[in-house]
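What follows is a single structure, written as structure tokens, with notes after it.
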Amino acid sequence: MKIGIYPGSFDPITKGHLDIIERASRVVDKLVIGVLDNSEKKPMFTADERVQLIKEAVASLDNVNVEAFHGLTVDFAEKHGAKILVRGLRAVTDFEYELQIAQTNHKINPKLDTIFFTTSVEYSYLSSSIVKEIAKYNGDIEPLVPSNVCKAIYDKYK
Ligand code: ADP
């Protein structure tokens, strides 16, 4: 059984993340989304809230699970018996950071390989920070995030 993990902040999940999740879920038998519990980064949503939002957004994908984690990504992978780590690449600006992380993880656990999905063009500019910035000034985020996330963000800003 091919098991993959897709770790990230997902603060909050966007349609760009969702696109990667859908595509990755067709490549592996089971995909576990790992929500990094990084409270020191002062996220907009708690790890539990982010997990809940993702669960609702991926409800139709049978082979996708979601859970929070803290600590090393390699340990999260090991816990789930995953040998594939999924990440997304948008612009060249992502590349240097992603390469460094992928090489570090591979060094710590040579059995863990990172597979990159290149962004679909319509989401190449999209990030969680951009979504929060637009919502802060009451802009329309409906095209950018799943509908449950749209509501959750507006509720936060109320
Ligand atoms: P992190 O803090 O770990 O970078 P993010 O939630 O920002 O967490 O991103 C998780 C992963 O999803 C990263 O690999 C990032 O490059 C990828 N990603 C984020 N937005 C998009 C998008 N619009 N298209 C493709 N990949 C994306």
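What follows is calculated from the coordinates using simple rules that are stated; it is not laboratory data. Worth saying up front: this structure is predicted, and the values here are computed from it rather than measured. Reconstructed Cβ throughout: ideal geometry from the backbone, glycine too, with neighbour counts over all protein chains shown.
Per residue of the chain, the DSSP helices (runs of n ≥ 4 H) give a summed -39500 (n - 2.57) that works out to -12500 deg cm²/dmol at 222 nm.
Counting 0.36 nm for each residue step from Ser127 to Thr93 and taking away their Cα separation leaves a gain of 11.0 nm. May I ask for the distance between the Cα centers of region 74-143 and region 19-58, given as a whole number of Å? First find each Cα centre; the distance between them is then 11 Å. Lysines within cross-link reach of Lys41: Cα-Cα under 17 Å, excluding same-chain residues under 8 positions apart? Partners within reach: Lys132. Computed on the chain, with alpha-carbon pairs under 8 angstrom and 6+ residues apart, the relative contact order is 29 percent.
Straight-line cross-link partners of Lys2 among the lysines, defined as a Cα under 24 Å from its Cα and at least 8 positions apart when in the same chain: Lys30, Lys55, Lys79, Lys83, Lys107, Lys111.
Give the shape of region 1-132 as rounded, prolate or oblate, defined through the alpha-carbon gyration tensor: a ≥ b ≥ c are the square roots of its eigenvalues, a/c under 1.5 means rounded, and otherwise the shape is prolate if a/b is larger than b/c and oblate if not. Cα axes put region 1-132 in the rounded bin. For Pro110, neighbours were defined as the other residues whose beta-carbon sits under 14 Å from its Cβ, and their charges (Lys and Arg +1, Asp and Glu -1) total +1. Between Asn63 and Lys136, the simple label model (points 7 Å from Cα in the Cβ direction) yields a spacing of 4.0 nm.
Quote the FRET efficiency, to the nearest 0.05, computed for Leu72 versus Lys156 with a Förster distance R0 of 35 Å and r equal to the Cβ-Cβ distance.
On the way: r = 30 Å, r/R0 = 0.84.
FRET efficiency, Leu72 to Lys156: 0.75.
Sequentially through region 135-142, phi angles give Karplus couplings (6.51, -1.76, 1.60; θ = phi - 60°) of 5, 4, 9, 6, x, 8, 9, 3 Hz, Gly and Pro residues having no value and appearing as x.
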